[in-house]
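One structure below.
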Number of protein chains: 4
Amino acid sequence: MPAGAAPYVAVIGASQATPRDLADAEAVGRLLGEAGAVLVCGGRGGVMAAASRGAAQAGGTVVGMLPGDGRDDANEWVTVAIPTGLGELRNGLIIRSADAVVAVGGAYGTLSEIALALQAGRTVQGLHTWEIAGVDAVGSPQAAVAAALAAARRRTAEQG
Amino acid sequence: MPAGAAPYVAVIGASQATPRDLADAEAVGRLLGEAGAVLVCGGRGGVMAAASRGAAQAGGTVVGMLPGDGRDDANEWVTVAIPTGLGELRNGLIIRSADAVVAVGGAYGTLSEIALALQAGRTVQGLHTWEIAGVDAVGSPQAAVAAALAAARRRTAEQG
Amino acid sequence: MPAGAAPYVAVIGASQATPRDLADAEAVGRLLGEAGAVLVCGGRGGVMAAASRGAAQAGGTVVGMLPGDGRDDANEWVTVAIPTGLGELRNGLIIRSADAVVAVGGAYGTLSEIALALQAGRTVQGLHTWEIAGVDAVGSPQAAVAAALAAARRRTAEQG
Amino acid sequence: MPAGAAPYVAVIGASQATPRDLADAEAVGRLLGEAGAVLVCGGRGGVMAAASRGAAQAGGTVVGMLPGDGRDDANEWVTVAIPTGLGELRNGLIIRSADAVVAVGGAYGTLSEIALALQAGRTVQGLHTWEIAGVDAVGSPQAAVAAALAAARRRTAEQG
């Protein structure tokens, strides 16, 4: 499938996460993988690893944009690892690569990504995350993925 | 004065700002300039221009980290313009360069900077800005600058 | 296959290229795809498109690190497009992502990538490219890919 | 002086340098400082430190774009230190900030900067540096600075 045909959806969240957030993230990943979307994330642990596992086990592509210089920091379900060496500036690259964003829980790094996403006009679906004007709080991974895929398709259609 | 001797303080805020925010930003800039601090900002208009004007008129150094490729986007009070060409990823460079941060008003870009600052362990003094856990809401430009300079000196001492 | 298991090889070269360079690039891409390597490139035309086509037609993964903000700049054989928005600074990300580098022809952008690769300790196999100390001039796409894969495996083993 | 009024000239070269290169770099820095130009460099030792010292002792502004996260890596003559945390990708920021470039000696990092400068349409004056098509080999620091300042003024006039 050419790069332009699949929607790219970022799943953002912290490396320290609650069991509920991890279960949500894995479900989001699985649904994205089943839908043929490319999942973009920070490539590390916690929410990132759970989402990666869900997507990879569903046969999806998982791009891990890593803060450091080495691929070995990636969790084991990342299928394409990008060691940016940019530290937290890689948060901005995750958002740039994504047509839509799903936030699950999250700490300050996630907040920076939410803010950059809203500034860049991306939709953000939130599951138990920061309550920021512009974030669309949803009730389930299914609702998050349905809305994110719809937003990604709209964006792709506008650009295409 | 060598680079290591002066504190670097970021003033962050939006290019669209209220009269109150502009007055606050100019006062913050003036107080930083009078204190011999290097003011780091995004180099554009609104809060950034007001802070730059305050600092420059007090004889201070104003670093403008611009999102685009050209210096001519800088406001006229920037004394050192850095055209990063990084778009909004330059927000992260502003935070990296700063020992402490003062936020005045602000939209999503400012929120991303607040989040990156808190993640990186910088103090954030806030004047009528986002109410995020970790931001120290202060009542005046004087209080903001006093706290920011104290935090910057602590940070410099720890690193020195 | 987990990200850590495949070698990542960058193929660098210009968007304006001679027929010989295009044929070499396509052969390099095909051999990398057949070997199960991840091909990393700048995602645009010329040498980048030829290498991408060779790798994609062999069933390989092709990462296109684009200078602009949109995925639609990617050539049609890129399988994972990363719109970095970094302009030519994305050259450095290509090198960071790669275990080894193959240069085919090339202009100044390619020269910057060769220099960054040699500085970072990556091997550079060269086919009709800049004659810089440290570049290993090889006589065929087969020789380039064999040497690049060997270097990539050495690097992965050292880091693993 | 507003940021737009002074020419910005990058002086590039290695941290390990010969006595001749260090003397050349210091003379280049001094002449730039005397001319009121802003000197942009990598902020570290060797050629960078020599150029910084020359410029600072002539009363000039010296911007040091550092690869790491801390200002304390800057040499003592840097007047504005920017800790980019970008590693060698900061080479590209040095070039973006500069209207013209002077290369003194240099290793692979310098070669990457020369290549990025030529790609971006900047003039490069070279003193005992890489012999790359497009580099203007000059015979003295005086000739290098005269040509760089003339090129910087042409560029500023075209953009102004």
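Inspect the stretch D:4-12 for any residue being closer than 21 Å to D:L127 by Cβ, part of a strand (DSSP E or B) and among the hydroxyl-bearing types (S, T, Y) and give the result as yes or no. Can you show your working first?
The first filter runs over the stretch D:4-12 and keeps only residues closer than 21 Å to D:L127 by Cβ, leaving D:7-12.
Restricting the remaining residues to those that are part of a strand (DSSP E or B) gives D:8-12.
Then drop every residue that is not among the hydroxyl-bearing types (S, T, Y), which leaves D:8.
Yes.
Of the residues B:G70, B:G85, B:G54, which is over 19 Å from B:L149 (Cα atoms), surrounded by 21 or more Cβ atoms within 10 Å (Cβ to Cβ) and touching a helix residue (DSSP H, G or I) at 6+ places or on another chain (Cβ under 7 Å)?
Residue meeting the stated conditions: B:G85.
Among C:E26, C:E34, which is the only one that is under 12 Å from the mean Cα position of the chain (by Cα), surrounded by fewer than 24 Cβ atoms within 10 Å (Cβ to Cβ) and at pLDDT 95 or above?
C:E26
I'd like to verify a number: residues in the stretch B:113-154 that are among the charged types (D, E, K, R) and surrounded by 18 or more Cβ atoms within 10 Å (Cβ to Cβ), how many?
Residues flagged as among the charged types (D, E, K, R) and surrounded by 18 or more Cβ atoms within 10 Å (Cβ to Cβ) within the stretch B:113-154 amount to 2.
If you check A:V101 against the conditions, is it among the β-branched types (V, I, T) and free of Cβ contacts under 8 Å to residues at least 24 places away in the same chain? Walk me through how you get there before you give the answer.
Working: among the β-branched types (V, I, T): yes; free of Cβ contacts under 8 Å to residues at least 24 places away in the same chain: no.
Criteria not met by A:V101.
Check off (1) more than 13 Å from chain C (Cβ to nearest Cβ); (2) closer than 22 Å to C:R96 by Cα; (3) touching a residue at least 40 places away in the same chain (Cβ under 8 Å) for A:C41 and give me the number that stays unchecked.
With respect to (1) more than 13 Å from chain C (Cβ to nearest Cβ); (2) closer than 22 Å to C:R96 by Cα; (3) touching a residue at least 40 places away in the same chain (Cβ under 8 Å), A:C41 is out only on (1).
What number goes with the only condition from (1) charged (D, E, K, R); (2) at pLDDT 95 or above; (3) out of contact with any strand residue (DSSP E or B) (no Cβ under 9 Å at 6 or more places or on another chain) that A:R90 does not pass?
If we test A:R90 against (1) charged (D, E, K, R); (2) at pLDDT 95 or above; (3) out of contact with any strand residue (DSSP E or B) (no Cβ under 9 Å at 6 or more places or on another chain), just (3) comes out false.
Among the residues of the stretch D:93-117, write down those that are at the interface with chain C (Cβ under 9 Å from one of its Cβ atoms) and touching a Lys or Arg at 6+ places or on another chain (Cβ under 9 Å).
The answer is D:I95, D:L116.
Being assigned to a loop (DSSP other than H, G, I, E, B) and among the acidic types (D, E) is the filter; apply it to the stretch B:65-80 and report the residue that is farthest from A:E113 (Cα to Cα).
B:E76
Does the stretch A:65-89 hold any residues that are more than 7 Å from every other protein chain (Cβ to nearest Cβ) and over 18 Å from C:P83 (Cβ atoms), and which are they?
A:P67, A:G68, A:D73, A:N75, A:W77
Only one of D:A151, D:A120 is at pLDDT 95 or above, farther than 21 Å from C:V135 by Cβ and either of a type in the set (K, R) or out of contact with any strand residue (DSSP E or B) (no Cβ under 8 Å at 6 or more places or on another chain) (or both); which?
Step by step, each of D:A151, D:A120 is checked, and only D:A120 is at pLDDT 95 or above, farther than 21 Å from C:V135 by Cβ and either of a type in the set (K, R) or out of contact with any strand residue (DSSP E or B) (no Cβ under 8 Å at 6 or more places or on another chain) (or both).
In the set C:P19, C:P2, which member is of a type outside the set (D, E, K, R), at pLDDT 95 or above, out of contact with any Phe, Trp or Tyr (no Cβ under 6 Å at 6 or more places or on another chain) and surrounded by fewer than 21 Cβ atoms within 10 Å (Cβ to Cβ)?
Step by step, each of C:P19, C:P2 is checked, and only C:P19 is of a type outside the set (D, E, K, R), at pLDDT 95 or above, out of contact with any Phe, Trp or Tyr (no Cβ under 6 Å at 6 or more places or on another chain) and surrounded by fewer than 21 Cβ atoms within 10 Å (Cβ to Cβ).
Tell me, please, whether a residue that is assigned to a loop (DSSP other than H, G, I, E, B), within 30 Å of B:T84 (Cβ to Cβ) and more than 14 Å from chain D (Cβ to nearest Cβ) can be found in the stretch C:47-64.
Checked the stretch C:47-64: no residue is assigned to a loop (DSSP other than H, G, I, E, B), within 30 Å of B:T84 (Cβ to Cβ) and more than 14 Å from chain D (Cβ to nearest Cβ).
Going by the structure shown, is D:A144 within 17 Å of D:G42 (Cβ to Cβ) and either touching a residue at least 60 places away in the same chain (Cβ under 8 Å) or under 14 Å from the mean Cα position of the chain (by Cα) (or both)?
No: the conditions fail for D:A144.
The values are calculated or read from the model by the stated rules, or taken from the named source; none is laboratory data. Given the structure is predicted, the values throughout are model-derived calculations rather than measurements. All Cβ positions, glycine included, derive from the backbone under ideal geometry; neighbour counts span all protein chains shown.
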